[in-house]
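Please find one structure pasted underneath; my questions will follow.
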Amino acid sequence: MAKVTVNKEKCKGCGLCVSVCPKKVLYLSETQLNSKGFHPCAVNEDVNCSGCTSCYIMCPDWAITVEK
């Protein structure tokens, strides 16, 4: 099982990672704000990441890491 980590301060909440995740591991937080005022992406701990790295590749801000 892979592990996804999001640097919430780098994330601008564009949602590109959410749209490409085949397992729906990621979602945009409606309750959290980072220091820039964006709703960052968050990780759904109830879903197992397949490690496809689509989110990592898609992120324009390099805010996501995937560890296999």
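The values are calculated or read from the model by the stated rules, or taken from the named source; none is laboratory data. Predicted model, so just to flag it, every value in this text is computed and none were measured. Neighbour counts are summed over all protein chains in view; Cβ atoms, including those assigned to glycine, are modelled from backbone coordinates with ideal geometry. These accessible areas exclude ligands, DNA and RNA; they are computed on the full protein's heavy atoms, side chains included. Shrake-Rupley method; radii C 1.70, N 1.55, O 1.52, S 1.80 Å.
Keeping all protein chains in place, calculate the accessible area per residue for the chain (probe 1.4 angstrom), answer in Å².
65
Assuming R0 = 25 Å, can you tell me the calculated FRET efficiency for the pair THR31 and GLU9, based on Cβ-Cβ distance, to the nearest 0.05?
0.95
If pairing requires two Cys Cβ atoms under 4.7 Å apart, which cysteines of the chain are left without a partner?
CYS11, CYS14, CYS21, CYS41, CYS49, CYS52, CYS59
Just the number, please: carbon plus sulfur as a percent of the accessible area of the chain, 1.4 Å probe, no ligands or DNA/RNA counted.
54
Got a sec to turn the phi values of the stretch 18-35 into Karplus ³J(HN,Hα) couplings, 6.51 cos²θ - 1.76 cosθ + 1.60 with θ = phi - 60°, whole Hz, x for Gly and Pro?
4, 5, 9, 6, x, 9, 6, 6, 9, 8, 8, 6, 8, 10, 8, 10, 8, 5
With Kirkwood's inverse mean 1/r over C-alpha pairs for Rh, give me the Rg to Rh ratio of the chain, two decimals please.
0.93
Same structure, new question: What is the chain's relative contact order, in percent, from Cα pairs under 8 angstrom and six or more apart in sequence?
Relative CO of the chain lands at 46 percent.
Under 5 Å between amide H atoms, partner at least 5 residues away or on a different chain: which partners does CYS49 have, H built in plane at 1.01 Å?
ALA2
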